[in-house]
Amino acid sequence: MKIGFLAMSGIRAHDPELLELGLTLPGFVERSKAIASLPSLGLLYLAAATPAGHDLEYFEAEADGKEPAAVYDCDLVAISTFSAQVFEAYAIADRLRLAGVKVAMGGLHVTALPAEAFAHADYVVVGEGENVWPEVVRAAEREAPARTFSAKMYPAVDVMRLPVPRYDLLGDRPYNRFTVQTTRGCPWRCEFCASNVMLGQPYRKRPVWDVIRDIGAIQQMRERPFIEFADDNTFVDKTWGKQLCRALAPLRLKWFTETDISVAEDAELLDLMHAAGCRQVLIGLESPAREPLHGLEMNRDFKARWFDRYASAIARIQAHGITVNGCFILGLDGHDTGIFEQVLDFTRQVSLYDVQITVLTAFPGTPLYARLLREGRVIEPGRWDLCTLFDVNYRPRGMSVAELQSGMRWLTTELYSDECTTDRRGKFFQEWRARSTIHAEAMAV
Ligand code: B12
């Protein structure tokens, strides 16, 4: 069979005023460009798990949600989608099926709402795909009737033995960044988080040498790739983290990852991360005030417990030459209209190199979605296209929807203006240069 792997590309947002701002603000545009050009690692894993004897091709849907014509030459197409573009993905699936092409769908959204997806696909997969996918391929070969496959009915995916994702299928597409996974899952359970809650698996670390092997496969295609680790929380286990960094260092790469703020407590790890090429860590700070953080992380109140150390931890990480991209969620239950100024003040005080602001978003399958639905606060249930992290689809507790939207726009303009961006970055480089000089002098004595 000819099997196509179709990723939905680009980022989505609908608020027209915010979109207009986004086109002109330097900090915003930079990140959007970078992230819009990441391939789908999930599909590259599925391709690697495909039984031998099939002809495989990787496709990207256009940013406007249209599929490339060549995808109609396939016998089976695997579509991976997040919530924001799920309606575009369903429309593509409907067109493909009408043309006689079999369609399989999976991923986080479909895992949360398999019945919804089943109206548009021959085969729906719930959960991690690697061990189920060969069965889906065999079902398509036999022209077996439509059905839903659950990963729970198959052996659990063993991250100690993951195959090399089929990066080679990307050919010479102009990607400037590639994703690699070093861990799966996260030990924390944040109420809003759409990623680990759904796959229902514990936090798992991969063998360091498998990670290096996967990077080697990317390097066969690009000599100096920029790597984004597609992890939720890379450095939970500091001892393993040090092993990873020691193995990465000789590769002389530059990389970025998502991790929690506890990374700051281990200076040796930070040194090793910097030496290994870590250029930025993305950390979910969520709020510049402690009260709204209470209960957000449902296992051990991790975020609220760390709040007092936010400023010192950020300073410590950045003092090691690693920039911090601090993420804030606007519109948490404890936020009122003062939150926008508070975020701006906080980012100035702690000299965060990068800042990411998003509005609270209730993704399907999350405890947040269930709670807001119960409380009658989801404005248009089922409007998954609004799950962009930039559009408001719920009634905030401490302000109106309009206040949240206008506050988001105001803060976007302030934070990503040329002046603010240059100021933030300037401070980082100043402090880093000063510390490097002191360090060099101390070493010389
Ligand atoms: C890297 C990443 C991106 C990349 C995505 C590149 C891509 N095309 O995949 C970029 C930066 C472009 C991106 C953008 C966005 N992202 Co993002 N991103 C991530 C991140 C950090 C890792 C994803 C990843 O690579 N995982 C590793 C792979 C191996 O796992 P996987 O994709 O889930 O695939 C496995 C299974 O789901 C399943 N599977 C997946 N697809 C299929 C298909 C079939 C047929 C089958 C059988 C199985 C299957 O099998 C795979 C292997 O086990 C996650 C956090 C997370 N941990 O998921 C957020 C996350 C996925 N992103 C999120 C969001 C909201 C977005 C945006 C909508 C933001 C925006 N406003 O535009 C956009 C959507 C862009 C888009 N067009 O896809 C949310 C999604 C929540 C949701 N339910 O929609 C997440 C979960 C972050 C969060 N915590 O909120 N993102």
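All of the numbers you see were taken from the coordinates with simple rules; none came from a lab. Computed from a predicted structure; not experimentally measured. When we count neighbours, we look across all protein chains shown, and the Cβ atoms used for this are built from the backbone with ideal geometry, even at glycine.
Annotations
- Neighbourhood net charge (15 Å Cβ-Cβ; Lys/Arg +1, Asp/Glu -1) for Asp214: +3
- Here segment 238-311 is assigned +1 on the Cβ of each Lys and Arg and -1 on the Cβ of each Asp and Glu. Its dipole about the Cα centre then comes out at about 340 debye.
- Under 16 Å of direct C-alpha separation, and excluding same-chain neighbours fewer than eight residues apart, Lys238 reaches these lysines: Lys205.
- Placing a label point 7 Å from the Cα of Arg189 along the Cα-to-Cβ line, the residues of segment 349-380 whose backbone N sits under 13 Å from it are 366-368.
- By the Stokes-Einstein formula, at 1.306 mPa s and 10 °C, segment 176-444 with its Kirkwood radius over alpha-carbon pairs has D equal to 80 µm²/s.
- Dipole moment magnitude, nearest 20 debye, the chain about Cα centre, only Lys, Arg, Asp, Glu C-beta charged: 1020 debye
- Hits among lysines - C-alpha to C-alpha of Lys66 under 28 Å, sequence gap 8 or more where chains match: Lys2, Lys33, Lys102
- Virtual spin-label span in nm between Arg300 and Arg383, 7 Å along Cα→Cβ: 3.9 nm
- Taking the helices alone, the chain has a mean residue ellipticity at 222 nm of -11000 deg cm²/dmol, built from -39,500 (n - 2.57) per DSSP H run of at least 4 residues and averaged over all its residues.
- Extending 7 Å from the Cα toward the beta-carbon at both Asp345 and Asp308 defines two label points whose distance is 2.0 nm.
- Other residues whose C-beta falls under 13 angstrom from the C-beta of Gly398 contribute a net charge of -1, scoring Lys and Arg +1 and Asp and Glu -1.
- Using a Förster distance of 56 Å, the FRET efficiency for Ala249-Asp73 (Cβ separation, nearest 0.05): 0.80
- Net charge over other residues, Cβ less than 12 angstrom from the Cβ of Leu251 (K, R count +1; D, E count -1): +3
- For the chain, the cysteines with no partner cysteine C-beta closer than 4.7 Å are Cys74, Cys186, Cys245, Cys278, Cys327, Cys387, Cys420.
- In this rough spin-label picture, where each label sits 7 Å from Cα along the Cβ direction, the Thr239-Phe226 distance is 3.5 nm.
- FRET efficiency for the Ser406 to Arg279 pair, using the beta carbon distance and R₀ = 45 Å, is estimated at 0.85.
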